[in-house]
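Heads up, the thing below is written out as structure tokens.
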Amino acid sequence: MKQHMKMSDLQVKEAVLLPLITLQRQSAVELFYTGYFSQQHIVTMGDVVRAWLDKNESSLALRRRLFSVFIEMGQNIVRYSCDERYLGTGKEELRFGSLCFHTAPGNYYLETANLVGHEESSLLQNNLDVLRTMSQAEIKQAWKQGLRSEAPATSKGANIGLLTMARETSEPLEYRIHPLAASSLSAFHLKATFAHD
């Protein structure tokens, strides 16, 4: 008789993150990481992304935009990831998540996945829903306003990091939130698309 192995809570949480990354058949994965994120990890992975872009993308403006969003997406994991794999070293916080940089004909993609609590889930959903209704001109205006004030970047609620991402991408930010069964956590997936020649 076949025995089914019972997955631990951690295995379930890890398994839930990986399918969120939406690789297409023609995609080439340039960077994929699942594990702990800190500011130092973001800087190190950023060096890899920057080196790849310097070698493969001729447009300086596109390289700058993609790198800027990469940094913001990594910081989003550090800011919002919320599960028991959190590590605090006194100097910095280490949060758990996944990040993928992949390419397909005509597009670059940055995607992240991490677990978030109910409060973070609601905040992200509200902010991203607002951003998806705004024009590029409104996003740029709200971004400029956010840089000049310590208050929320827009009265509609989106924060400066999400505004930066929305401002730099070719298409509206895509996201999914999947509540986990028997848990107060949800799996959060964020995707940024950049068109290239």
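Just so you know, all these numbers are worked out from the coordinates, no wet-lab data involved. Computed from a predicted structure; not experimentally measured. Here the Cβ positions follow ideal geometry from the backbone for every residue, glycine too, while neighbour counts run over all protein chains shown.
What to note about this one:
- Spin-label pair Leu123/Asn56, simplified geometry with 7 Å Cα→Cβ offset, distance in nm: 3.4 nm
- Taking Tyr175, Tyr80 and counting other C-beta atoms within 10 Å, the order from fewest to most: Tyr175, Tyr80
- Taking 0.36 nm per residue of separation and subtracting the Cα-Cα distance, full extension of the segment from Ala28 to Leu180 would add 51.7 nm.
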